[in-house]
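Working notes, beginning with the structure itself.
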Amino acid sequence: MVSEIGRGLMVLVGISRDDEEKDLVYMARKIVNLRIFDDPVKQKRWDKSVQDVGGEILCVSQFTLYSKLKGNTLDFHHAMAPTSSRSVYESFLTKVRAELKDPARVKDGAFGKMMDVSLVNDGPVTITLDSHTKGNPSSSGPSTSKSSDDNQKTTEENET
């Protein structure tokens, strides 16, 4: 087992070849502060962030989010090359940990490795966030899913 969380967000992180520091800052802030959880006291939907509910975040590097179809073939040229994206991904994790203000509540998978990823999705709710299309859902970019108290998300590295 590489990582596991309880209630919180699973974030599938795609790093674009066009991503810059400002994109990492924007995404970290958006993920931590996105009001995606219900407030049981006020009985209000979409009122609490992962920060507000004391939730955790599991980040999984996912270069395939920046794939494009060319006929029946996938093209990954919009994704940042693995040699560059590792340090960008690590910088993103650092920013998420700082934004959440509790680094122990941010976990991650094994960068660049084949993993078995399990998710129990509450809702299900899956939201696509992309710093290049701020405020507008897109067909590519990092995805965020939430889970309830009793559900866990795990990542396991496959031996190849």
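Read-outs: derived from the displayed coordinates by stated rules, not from any lab. No experiment lies behind these values; they were computed from the predicted model shown. For neighbour counting, all protein chains shown are included, and Cβ atoms are generated from backbone atoms with ideal geometry for every residue, glycine included.
Percent antiparallel among DSSP beta bridges with both residues in segment 11-131, to the nearest 5?
50 percent
Please rank Asp23, Asp52, fewest neighbouring Cβ atoms within 10 Å first, as an exposure proxy.
Going from least to most buried by this count: Asp52, Asp23.
Grab the other residues whose beta carbon is less than 12 angstrom from that of Ser16, score K and R as +1, D and E as -1, and report the net.
Residues near Ser16 contribute -3 overall.
Based only on other Cβ atoms within 10 Å, what is the fewest-to-most ordering of Phe76, Phe111?
Ranked by crowding around the Cβ, least crowded first: Phe76, Phe111.
Please compute the length gained on full extension between Ser91 and Trp46, using 0.36 nm multiplied by the number of residues separating them and subtracting their Cα-Cα distance.
Length gained between Ser91 and Trp46: 13.4 nm.
Dipole magnitude of segment 3-157 about its Cα centre, charges +1 at Lys/Arg Cβ and -1 at Asp/Glu Cβ only, in debye to the nearest 20?
Around 380 debye, computed over segment 3-157.
Where does the charge balance sit around Met27 when Lys and Arg score +1, Asp and Glu -1, over other residues with C-beta under 12 Å from its C-beta?
For residues surrounding Met27, the net value is -1.
In segment 37-142, which trypsin sites (Lys or Arg not before Pro) are in a loop and have at most 12 other Cβ atoms within 10 Å, using DSSP for the loop call?
Listed in order of number, the matching sites are Lys42, Lys101, Lys134.
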